[in-house]
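The values are calculated or read from the model by the stated rules, or taken from the named source; none is laboratory data. Because the structure is predicted, anything quoted here is derived from the model rather than measured. Note that each Cβ is placed from the backbone with ideal geometry, even for glycine, and that neighbours are counted across all protein chains shown.
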Amino acid sequence: MRIAVLGGAGAMGSVFGGYLARAGHDVVLIDVWEEAVQEITRSGLTLENPDGSRQHIRVKAASSPNGLEPADLILVLVKCYHTETAVRAAIPLLAASTIVLTLQNGWGNGETIAGLVGQERVLIGVTYHSATVLGPGHVRHTGRGATYLGGLDARVGDRAEQVAHALTEAGLLTTATAEVVREIWAKLALNACTLPTAALLGFRAGQLLRHEGTRRLMRALLEEVVLAARAAGIELDSQERWEAVCTLLSRAADAKPSMLQDVERRRRTEIEVINGAVVRLGEAHGIPTPCNRTMVWLVRALEETFQG
């Protein structure tokens, strides 16, 4: 399969692109980070595995889609606010049967992509793999997890199975499911609780469970997500999700949540597709979401201090 990975030199782009290239697929990592593109082209991609071992993977890299051959699969792993620009630039890679898969954080990226390439091409999904960039062309795969995907349109059902099989064969366990929207919101519920709380307080994962105030805040954020999702016909279990939050934070106690990493780098966050998505869903169904709305306001204010 010929595969183009948008955001390919980033953490998740390197993991997915690297594993697929190692499995024998014709992969190109596309990224505007020129230093990383040059390093990958010169020396290959270095991936550190969760067990501490290291592998060097030969894979193509490019700073733009210009001049590349059409792809069978375009995998979108850029930050949410770069989605439209990245996908629009990649339109020349579309062939008649090309599928576009987003495994980005939050909710709303699939609709943005569908508006550019057509709903009949789009697969949406969620992954529980985690990774961090150590340097240009050097990524640590910090944790393995499940991946779920499905179509925005019933016409891509067969292709969803094919893509899930290719990812699983490459070592990235993936399930094609008709319940992909619920799976995405199940993870979004975790992120809405933990990411802005950590980013605003400068807390690592384990610290979020250590204090009564943060526990109560996260539980309140979660309850709003569950109520808004249920109003939209997305069934989430509040207690099961809370137990998942506690398990996640306990297992990765010393980890820096991704939004905290963005804040420390004075970089724009993905608050709009996480807590912002909860607020929009609540508005659409008449469910108040004051805690999530407050997190959006506070993170936006923090981002304003990065300017200039």
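With respect to G233, is the statement that it is among the small types (G, A, S), modelled with pLDDT of 95 or more, out of contact with any Ser or Thr (no Cβ under 9 Å at 6 or more places or on another chain) and crowded, with 21+ Cβ neighbours inside 10 Å true? When the stated conditions are applied, G233 does not pass them.
Per this entry, H141 is counted among residues that are buried (at least 21 other Cβ atoms within 10 Å of the Cβ) and in contact (Cβ under 8 Å) with a residue 24 or more places away in the chain. Listed by first and then second residue, the pairs linking a residue in region 158-170 that is among the small types (G, A, S) to a residue that is surrounded by 15 or more Cβ atoms within 10 Å (Cβ to Cβ) and part of a helix (DSSP H, G or I), with Cβ atoms under 9 Å apart and 6 or more places separating them unless they lie on different chains, are A160/V180; A166/L20; A170/F16; A170/Y19; A170/L20; A170/A21; A170/R22.
Within region 89-102, being within 14 Å of G7 (Cα to Cα) and in contact with a helix residue (DSSP H, G or I) (Cβ under 7 Å, 6 or more places away or on another chain) holds for V100, L101, T102. Residues in region 112-127 that are assigned to a helix (DSSP H, G or I) and touching a helix residue (DSSP H, G or I) at 6+ places or on another chain (Cβ under 6 Å): T112, I113, L116, E120.
Restricting to region 209-236, give me the number of residues that are assigned to a loop (DSSP other than H, G, I, E, B), under 20 Å from P288 (Cα atoms) and out of contact with any helix residue (DSSP H, G or I) (no Cβ under 8 Å at 6 or more places or on another chain). Result for region 209-236: 1. Would you pick out the residues in region 145-161 that are at pLDDT 90 or above and either surrounded by fewer than 17 Cβ atoms within 10 Å (Cβ to Cβ) or in contact with a helix residue (DSSP H, G or I) (Cβ under 8 Å, 6 or more places away or on another chain) (or both)? Within region 145-161, G145, A146, T147, Y148, L149, G150, G151, E161 meet the criteria. Any idea which of (1) within 12 Å of the chain's Cα centre (by Cα); (2) farther than 24 Å from I271 by Cβ is the one L103 doesn't satisfy? The one condition L103 does not meet is (2). Scanning region 191-205 for residues that are surrounded by fewer than 21 Cβ atoms within 10 Å (Cβ to Cβ) and either part of a helix (DSSP H, G or I) or touching a helix residue (DSSP H, G or I) at 6+ places or on another chain (Cβ under 6 Å) (or both) turns up L200, L201, A205. Whether a residue is surrounded by 17 or more Cβ atoms within 10 Å (Cβ to Cβ) and not aromatic (F, W, Y) was assessed, and L208 passes this test. Checked against the criterion of being at pLDDT below 95, surrounded by 14 or more Cβ atoms within 10 Å (Cβ to Cβ) and not in a loop (DSSP other than H, G, I, E, B), the candidates L281, L298, L302, L249 yield just one match: L249.
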